[in-house]
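Notes to accompany the following structure.
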Amino acid sequence: MKSERFDIRMTTQEKASIIGRAKRTGRTTSEFMIDTALNRKIIVIDSLPEMVSQLKALGRNLNQLTVLCKSSRRLPIS
């Protein structure tokens with residue numbers, strides 16, 4: 001559990017920039033500041049939801065093919 005506080009002074013523009021960057025990474029402002037201060041890598045993948053959707057579709061297709069292969073049903077060859 002975190003119990004320590006760290007107060008710093010900054011301009012309004014700096015604070016807004018930090019808050020904006022934290023939101024873009026999906027972290028709280030505190031998490032973002034700690035991660036950057038400790039030189040931890042912050043990776044943001046903007047297209048991740050689309051990639052997950054595509055991966056799920058591929059998985060469904062593979063599952064359907066597996067079920068067809070295991071069944072005794074044959075597909076007509078065009």
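The values are calculated or read from the model by the stated rules, or taken from the named source; none is laboratory data. It should be emphasised that the depicted structure is a prediction, and the values quoted were computed from it without experimental measurement. Here the Cβ positions follow ideal geometry from the backbone for every residue, glycine too, while neighbour counts run over all protein chains shown. When the accessible area is computed, the model is the full protein with side chains, heavy atoms only, and any ligands, DNA or RNA have been set aside. Shrake-Rupley method; radii C 1.70, N 1.55, O 1.52, S 1.80 Å.
Ignoring ligands, DNA and RNA, what accessible area per residue does segment 1-76 give at 1.4 Å, in Å²?
Roughly 99 Å² per residue, with all protein chains present.
Residue farthest toward the positive end of the dipole of the chain, with Cβ of Lys/Arg at +1 and Asp/Glu at -1: which of LEU48, ASN61, SER30?
ASN61
Can you compute the charge dipole magnitude of the chain about its Cα centre, using +1 on each Lys and Arg Cβ and -1 on each Asp and Glu Cβ, nothing else charged? Give it in debye, rounded to the nearest 20.
On the way: 15 positive and 7 negative charges, 84 e Å.
My answer is approximately 400 debye.
For LYS23, list the lysines whose Cα falls under 29 Å from its own Cα; do not include residues on the same chain fewer than 8 positions away.
LYS2, LYS15, LYS41, LYS56
May I ask for log10 I(q)/I(0) of segment 24-67 at q = 0.18 Å⁻¹, from a Debye sum over the Cα atoms as equal point scatterers with solvent left out?
Log-scaled intensity ratios, in q order: -0.64.
For MET1 and LEU55, what is the calculated FRET efficiency with R₀ set at 25 Å and r taken between the beta-carbons, to the nearest 0.05?
0.10
Note down the Stokes-Einstein diffusion coefficient of the chain in µm²/s, whole number, using a Kirkwood radius over alpha carbon pairs, 10 °C, and 1.306 mPa s.
Estimated via Stokes-Einstein, D reaches 93 µm²/s.
On the accessible surface of segment 8-70, probed at 1.4 Å, how many percent belong to carbon and sulfur atoms? Walk me through the numbers on the way to the answer.
On the way: 3210 of 5620 Å².
On segment 8-70, the fraction of accessible area on carbon and sulfur atoms equals 57 percent.
If each of THR66 and THR12 carries a label point 7 Å out from its Cα toward its Cβ, how far apart are those two points in nm?
5.8
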